[in-house]
1. Among Tyr162, Tyr155, which is the only one that is buried (at least 22 other Cβ atoms within 10 Å of the Cβ) and closer than 20 Å to Gly66 by Cβ?
2. Can you say whether Arg170 is away from ligand 1 (no atom under 16 Å from the Cβ) and in a loop (DSSP other than H, G, I, E, B), as far as the supplied structure shows?
3. In the stretch 28-44, what residues are under 14 Å from Ser76 (Cβ atoms) and open to solvent by 20 Å² or more (accessible area, probe 1.4 Å)?
4. Quick one: would you say Ala144 is assigned to a helix (DSSP H, G or I) and among the hydrophobic types (A, V, I, L, M, F, W, C)?
5. Val175 is checked against (1) of a type in the set (Val, Ile, Thr); (2) part of a strand (DSSP E or B); (3) more than 14 Å from ligand 1 (Cβ to nearest atom); (4) open to solvent by 10 Å² or more (accessible area, probe 1.4 Å) and fails just one. What number does that condition carry?
6. Considering only residues that are within 16 Å of ligand 1 (Cβ to nearest atom), under 20 Å from Lys168 (Cα atoms) and buried (at least 22 other Cβ atoms within 10 Å of the Cβ), which ones fall in the stretch 195-225?
7. Being part of a strand (DSSP E or B), more than 16 Å from ligand 2 (Cβ to nearest atom) and either touching a Leu at 6+ places or on another chain (Cβ under 6 Å) or under 27 Å from Leu211 (Cβ atoms) (or both) narrows it down to one residue among Val15, Val48; which is it?
8. Could you list all residues from the stretch 18-38 that are assigned to a loop (DSSP other than H, G, I, E, B) and more than 16 Å from ligand 2 (Cβ to nearest atom)?
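The values are calculated or read from the model by the stated rules, or taken from the named source; none is laboratory data. All figures in this text were calculated on a predicted structure; none of them were measured in a lab. Positions of Cβ are backbone-derived with ideal geometry, glycine not excepted, and every protein chain shown enters the neighbour counts. SASA here: full protein model, heavy atoms, side chains in, ligands and nucleic acids out. Shrake-Rupley method; radii C 1.70, N 1.55, O 1.52, S 1.80 Å.
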Amino acid sequence: MEKREQLYEGKAKKVFLTDDPELLIVSYKDDATAFNGLKKGTITGKGVINNKMSNLLMQKLDKEAGVPTHFVEELSDRDTVVKKVSIVPLEVIIRNIAAGSFSKNYGVEEGVVFDQPTIEFSYKNDDLGDPLINDYHALALKLATPEEIETIKKYAFAVNDYLKAYWKARGVILVDFKLEFGRLSDGTIVLADEISPDTCRFWDAETKEKLDKDRFRRDLGGVEDAYAEIMGRLS
Ligand code: ADP
Ligand code: UDP
């Protein structure tokens, strides 16, 4: 499988066409951005880590949690073949513990543990700054059908149940994460994009040390070490 023309260059990945119209190659970069692109930088080695972590977790989710994904084949350290989807323009965020925008928006101290996970949607639209929306807004904006929204919620909670336990067994607390879903050509909803320290908050269970992109967002230092540490706990 070879890369044909570049379809898209995003903030963290490039996306290429292939000779198969149903397949794409995504190529993970070391570029890092935060605050809707306002903060820019490089995290050396990040692309390799995010590629490998995302691929491993997606294969497990497919086999062990009943969540279909776009993953097809890892080609190299940074490149992966995925099924081409039409992305549902929703950022699906699950939270187990208050942090980030939840703490800021609702005045809750970071680290407060919820009795049950929350789910929220942002409208994936950089020009609008990915505004928080509810199910009814998603329907009004025709971003997805009611059935698709139900499927997406079911899969998102299944991902959380699986990954929370997976990381707990490796001494890591899964605080929150963002997922993206897409439609295959036959309309089937599958998990797409990536699952990585760019899109999840991971805290060391013992020390509560942050092992994710918050080290970059908040200038905490030790960014590369944190990515290497969380990668080292993968199995
Ligand atoms: P962004 O667009 O937010 O800057 P990236 O740099 O990660 O993000 O770019 C990857 C793009 O590819 C995203 O827009 C994502 O929605 C899209 N994408 C992810 N998986 C697939 C897929 N299987 N098919 C089509 N597009 C995808
Ligand atoms: N997230 C993401 N992409 C985004 C926004 C959020 O991957 O565009 C992830 C983020 O890494 C965290 C979770 O979603 O794991 C919740 O993020 P939050 O809403 O707290 O946003 P932030 O603190 O980044 O403003």
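1. Tyr155
2. Yes.
3. Of everything in the stretch 28-44, just one residue is under 14 Å from Ser76 (Cβ atoms) and open to solvent by 20 Å² or more (accessible area, probe 1.4 Å), namely Lys29.
4. No; evaluated as a whole, the condition is false for this residue.
5. Answer for Val175: the failing condition is (4).
6. Ile195, Ser196, Pro197, Asp198, Cys200, Asp212, Lys213
7. Of the residues listed, the single one that is part of a strand (DSSP E or B), more than 16 Å from ligand 2 (Cβ to nearest atom) and either touching a Leu at 6+ places or on another chain (Cβ under 6 Å) or under 27 Å from Leu211 (Cβ atoms) (or both) is Val15.
8. Matches in the stretch 18-38: Thr18, Asp19, Asp20, Pro21, Glu22, Asp30.
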